[in-house]
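Quick notes on the structure that follows.
The values are calculated or read from the model by the stated rules, or taken from the named source; none is laboratory data. In this text, all values refer to a predicted model and were calculated from it rather than measured experimentally. Please note: Cβ atoms are built from the backbone with ideal geometry, for glycine as well, and neighbour counts cover all protein chains shown. Ligands, DNA and RNA are stripped out before the accessible areas are found, and what is left, the full protein with its side chains, is counted by its heavy atoms. Shrake-Rupley method; radii C 1.70, N 1.55, O 1.52, S 1.80 Å.
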Number of protein chains: 2
Amino acid sequence: MKSSISAASVLVRAVRASPRTSLWHRCVPLPSCQTPRGIRTESRRTAQVATAPAPEQDLPPLSNPQLAFPCLDNVEQRTERLSRRSMSGPEPSYTTGKHETFHSDEPILLDWGGVLPSFDIAYETWGTLNADQSNAILLHTGLSASSHAHSTAANPKAGWWERFIGPGAPLDTDKYFVICTNVLGGCYGSTGPSSIDPVSQQPYATRFPILTMHDMVRAQFRLLDSLNIRKLYASVGCSMGGMQSLAAGILENDRVGRVASVSGCARSHPYSIAMRHTQRQVLMSDPAWAQTRGNYYNTVPPHQGMKLARQIATVTYRSGPEWEKRFGRQRADSSKPPALCPDFLIETYLDHAGEKWCLEYDANSLLYVSKAMDLFDLGKQTQEATAKRRQDNAGRLQGIMSQQKPNDVCSLALPEEPYEETESSADIMASETPSSAHLKSADNDLVRGMAPLRDTPTLVLGVASDILFPAFQQREIAETLRKVGNRSVTHIELGEDKSMFGHDTFLLDLEGVGGEIRRFLG
Amino acid sequence: MKSSISAASVLVRAVRASPRTSLWHRCVPLPSCQTPRGIRTESRRTAQVATAPAPEQDLPPLSNPQLAFPCLDNVEQRTERLSRRSMSGPEPSYTTGKHETFHSDEPILLDWGGVLPSFDIAYETWGTLNADQSNAILLHTGLSASSHAHSTAANPKAGWWERFIGPGAPLDTDKYFVICTNVLGGCYGSTGPSSIDPVSQQPYATRFPILTMHDMVRAQFRLLDSLNIRKLYASVGCSMGGMQSLAAGILENDRVGRVASVSGCARSHPYSIAMRHTQRQVLMSDPAWAQTRGNYYNTVPPHQGMKLARQIATVTYRSGPEWEKRFGRQRADSSKPPALCPDFLIETYLDHAGEKWCLEYDANSLLYVSKAMDLFDLGKQTQEATAKRRQDNAGRLQGIMSQQKPNDVCSLALPEEPYEETESSADIMASETPSSAHLKSADNDLVRGMAPLRDTPTLVLGVASDILFPAFQQREIAETLRKVGNRSVTHIELGEDKSMFGHDTFLLDLEGVGGEIRRFLG
């Protein structure tokens, strides 16, 4: 009689036969690998619902039933489906439909020394550019959004900000010419890790260079040059776009008439970095990513890692109180016993959010763009260090193909001594620690860094229920700008009475967010 | 000349040769599986630091260097180490040292119908039980803590609440006899999924039955019976222990003199369920877990899944402001270019937290205990439904080995129709939706459910910076108890001026938390 554990032992013995085999990296191709014999997988039985349950004579008399894992069966089925697909044709291109493309044959030097020999920026526009090119608004997107902010003749599908753009809408296309781009590093038509490196003729994958918010903005201004737009009426963005909107106002101050930054920040907060870190780690741990180190373009993409990362992200997009109201403690099917797979309604919601997205966006784009968000810091020191690096690397534009310098190698390893937790809180609780002194100098550094915005009218909008870009980060922007001497700062904070949608408020609240933008644009 | 992508294509072609092969489940054992040829892995080169960099004549002239992934190299190395270990001896037992064990030969019926034919409860005690057995305090632990709350003669290692227990400490061992148990379902000596099922003589694994907070409390009272303690002076607990402390006061009301519940709740909130859901999903997606459906006991444990889950958990344990102060935006080594592996100090902190823990706790215990937290609800309806189920299943105690009923099969699948997001927020924002009416009835339900605590002096303590068990949940407990008619409710909320340690405050703040408990115990 073979029990489940004996089956597992078979697996172990097979591993032992090849001592260098790593289970994480290679699973021994035994039949036992997929389903240990003797374990009932209820979901498979459910699939053959017409037939009687399989007899289980070879099972020992167990006191409790084996749990079923339909959520894992589902992952396996998708992997199998994708594996068949990759046998019969090319990878899907990640696109949200027809858009314009700006192609630059001039190389671009990135803030961390990387070079793109040429690049594309996907964009869409709404409204009409006036004769003196003075009515253009550049709209910056969140992490995973495309240029398709609003439907167009070429692509009638509703955009991600459909109600916020149009005749009479907050971004009024009767008055303004609205431009939205897909970011550099993204996968919806702009050059990113899934694009073909013109030098190697292969996808960049993880040879794509580290990039920054400022690099994305720099590429956007190349597009504006090509459209003969010297000065923007306004730079507008939410979430990651709210970072870029500020960055544009500083990087190209004389070309930006006003800045609107919604649910953004002036520098990434460690909590936001932490949340993005877990997403990246989870994604990179998907064997489809880990085994190829991100070179998955000709094989099955890391769909489960993407699904997991999106679920974690979704937790940060909404707020607890809203979920309390919408889902409470309702289970998906309260007539069934609880399960370790999704069970409560909130779990099926997260599962579905991950499911919808896991093949819609390129995994490497997520990694690079999310990293760029972590690196965001408008402080003066960071700006100066970047300027120096750019100067040092300027020669690379002339010699793209030349030998790489040793310090270009991105090999940051953890310190030899692991991070040590302090046992007691006493040290940290003491009022004036070195770190809090450091904080104050960081404040001054930010004031110096944001000084170029002194004369730029700026709207800063935050949402009290946002846990990803908490309201204190927008307060920081507004206070810093006031310290800089800016007398045209409008700071709005939507309280929990106004919105309990957390970070996603900018996608939902036409009046609270859209209304303020409309008033600000004048 | 072989490029990285050609190597990946080799892998794909091999997969194509066997169409049913799932990459997620089996990686084809080619040399290319571990490191696609043509890709420079900088970390490996770092390992052979004395030798010159390997020549790369077979590389095409690429414009940017391949990123290195020392964090993934590290995972592979651990898998290899563990794989060697499992060749030469038994799995480690998860223990924090010597403890007492209460063994029950009487079976226990669990709330969801499962049966344990016998079970162990690991426990430790401090102080002396007085003559009339009236000075016992039962201390409930958080999710992953063991019975080792304080050092003992048998195990001098500092416990997880070392400073809170002892002569003159908040749990004053000059006055009280303090008992701490490892929970049922845990892995530190109490019966859990890693224990041997006496029926099958194999580890329970995912045949372990779904359990609840109340089941854990029920098992604790069996231990108290064996110690001849009829009535507790007090039930005290923090975090998950704060849930159990309330549950004990309701389940065994006449046996509990007073209740202290710190950073706990009366029912799990969807945000907390969401955070635990992501941890479970990440853990179950580790191939070592997924391929065995939790039967990993004779092979390599899902160490990377555990590491990832712990990192996500750690994000919820502390608060943003504390991290701002402690880590800010410091990078681990600012002289190096940024990396997709841990890079900022906050990332190395999370990485280390996961690293320390990934082999210290049983993965299945995490799944079952975390699920039990989700299921926690002191509302009357849940109590009544549980009572009915227990009655229906009472016969099973007599016939443990008998045929399982079809509805015992834990096969909850997602609904056919996926969860649909509402496009507009208008519906939800409207003031009196069905769900908010539902919320009010839920409030009444909780008042009815907590009614047994009317005459039990209760301390409820919350921390404003806690994002896992937010302060509104402790307010809910206190308000509900007052509605019940309880006139001995002490509700303390530590503001951000008092603690910015979030959920972990109970482990750190001897005065803020310990002081209140001391005063409450009198």
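With the radius of gyration and the Kirkwood radius both derived from the Cα set of the range B:331-388, what is their ratio Rg to Rh?
My calculation puts Rg/Rh at 1.33.
Given points 7 Å out from each Cα along the Cα-Cβ axis, report the A:Arg230 to A:Asn253 separation in nanometres with one decimal.
Between A:Arg230 and A:Asn253, the simple spin-label model gives 1.9 nm.
What average count of beta carbons from other chains do you get within 10 Å of the Cβ of residues in B:193-204?
That average works out to 3.
Amide H to amide H under 5 Å from A:Arg331: which residues, 5+ apart in sequence or cross-chain, H placed 1.01 Å off N in plane?
So A:Arg331 has HN proximity to A:Leu345.
Am I reading the A/B interface right? What is its buried accessible area, both sides, 1.4 Å probe, to the nearest 100 Å²?
16300 Å²
If we restrict to alpha carbons, what Rg and Dmax does the range B:275-374 come to, in Å?
Cα only, the range B:275-374: 15.2, 46 Å (Rg, Dmax).
Can you give me the Cα centroid spacing of the range A:321-344 and the range B:341-398 in angstrom?
If you average the Cα positions of each part, the centres end up 15 Å apart.
In the range B:275-374, what percent of the accessible surface is made up of carbon and sulfur (1.4 Å probe, ligands and nucleic acids excluded)?
C and S atoms contribute 49 percent here.
Can you pull out the trypsin sites (Lys or Arg not before Pro) in the range A:221-266 whose DSSP state is coil and whose Cβ has at most 16 other Cβ atoms within 10 Å?
Passing both the DSSP loop test and the Cβ count: A:Arg230, A:Lys231.
How well do other chains shield peptide A:221-230, expressed as the mean number of their Cβ atoms within 10 Å of each residue Cβ?
0
Evaluate peptide A:297-310: per residue, the Cβ atoms of other protein chains within 10 Å of its Cβ; return the mean as an integer.
Going residue by residue through A:297-310 and averaging, the value is 4.
I want the local charge near A:Val484. Using Cβ-Cβ distances under 13 Å, sum +1 for each Lys or Arg and -1 for each Asp or Glu among the other residues.
Once all neighbours under 13 Å are counted, the net charge is +1.
What's the ranking of B:286-298, A:510-522 by average number of surrounding C-beta atoms within 10 Å, highest first?
Packing proxy ranking, top to bottom: B:286-298, A:510-522.
Lys and Arg at +1, Asp and Glu at -1: add these up for the other residues within a Cβ distance under 15 Å of B:Asn130 and post the number.
Within the 15 Å Cβ shell, the charges total 0.
For the range A:282-374, what is the accessible area per residue in Å², given a 1.4 Å probe and the full set of protein chains?
17 Å²
Take each of the peptides B:241-252, A:108-119, average the number of other beta-carbon atoms within 10 Å over its residues, and list them starting from the highest.
B:241-252, A:108-119
A 26 angstrom limit on the alpha carbon distance is what I want to check against. Which of B:Lys231/B:Lys498; A:Lys380/A:Lys483; A:Lys307/B:Lys336; B:Lys325/B:Lys356; A:Lys356/B:Lys380; A:Lys498/B:Lys371 exceed it?
Violating the 26 Å limit, Cα to Cα: B:Lys231/B:Lys498; A:Lys307/B:Lys336; A:Lys356/B:Lys380; A:Lys498/B:Lys371.
Given label points at 7 Å from Cα along Cα→Cβ, what nm distances, shortest first, separate A:Asp174 from the same residue in every other copy?
Values, ascending and in nm: 8.1.
Let me check I have the definition right: for the range A:188-283, take the eigenvalues of the Cα gyration tensor, multiply each by 5, take square roots. What are those semi-axes in whole Å, largest first?
Whole-Å semi-axes of the equivalent ellipsoid: 26, 22, 9.
Compute the FRET efficiency between B:Gln133 and B:Asn444 as 1/(1 + (r/R0)^6), taking r as their Cβ-Cβ distance and R0 = 30 Å, and round to the nearest 0.05.
0.20
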